[in-house]
Amino acid sequence: MITILAAASTVTTTPTTTPRAGVDFTAIVGMFGGLIFVLLLIFLLAYAVKRLNLVTGNNAAIKVKAQSALGPKERVVLIELDGQQYLLGVTSQQVTLLDKYDSPVNIETTSFSQKLKQVRAQQQ
């Protein structure tokens, strides 16, 4: 019986696997692989949109020169088509020609940064 107890006391347990202190390169490679895939997908979709002309550019036949909201769904819009300018009344149900201008209407365009500079100059 003493030999059994002595044998039991000398049995050592094998250590369990402990997590390594270091960098898991497979996770990093997977992360960068996913990043590259997403970037390639974005560039491919941008190319497809450009190629199929899904976005109208500045070379459109009808150009909106100015617009002003009169209510939640009503607005007045000044458009230019082939050098002629038209004033339109636009609602959710119809578009009405209000006026046709013989001479072009000049609209002062200021950028947001210019307006911000003017406001800050007035405050000081």
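The values are calculated or read from the model by the stated rules, or taken from the named source; none is laboratory data. Quantities reported herein were computed from a predicted structural model and do not represent experimental measurements. Cβ placement follows ideal geometry from the backbone for every residue including glycine, while neighbour counts extend to all protein chains displayed.
A few comments on the model shown:
- A single member of S68, S92, S103 is of a type in the set (G, A, S), out of contact with any Lys or Arg (no Cβ under 9 Å at 6 or more places or on another chain) and free of Cβ contacts under 8 Å to residues at least 24 places away in the same chain, and it is S103.
- Residue in segment 45-68 that is modelled with the highest pLDDT, counting only those that are loosely packed, with under 10 Cβ neighbours inside 10 Å and not in a loop (DSSP other than H, G, I, E, B): S68
- Yes/no for I107 being within 26 Å of the chain's Cα centre (by Cα) and not hydroxyl-bearing (S, T, Y): no
- Taking segment 76-109 as the range and being in a loop (DSSP other than H, G, I, E, B) and exposed (fewer than 10 other Cβ atoms within 10 Å of the Cβ) as the test, the residues that pass are D82, G83, S92, Q93, Q94, D102, S103, N106, I107, E108, T109.
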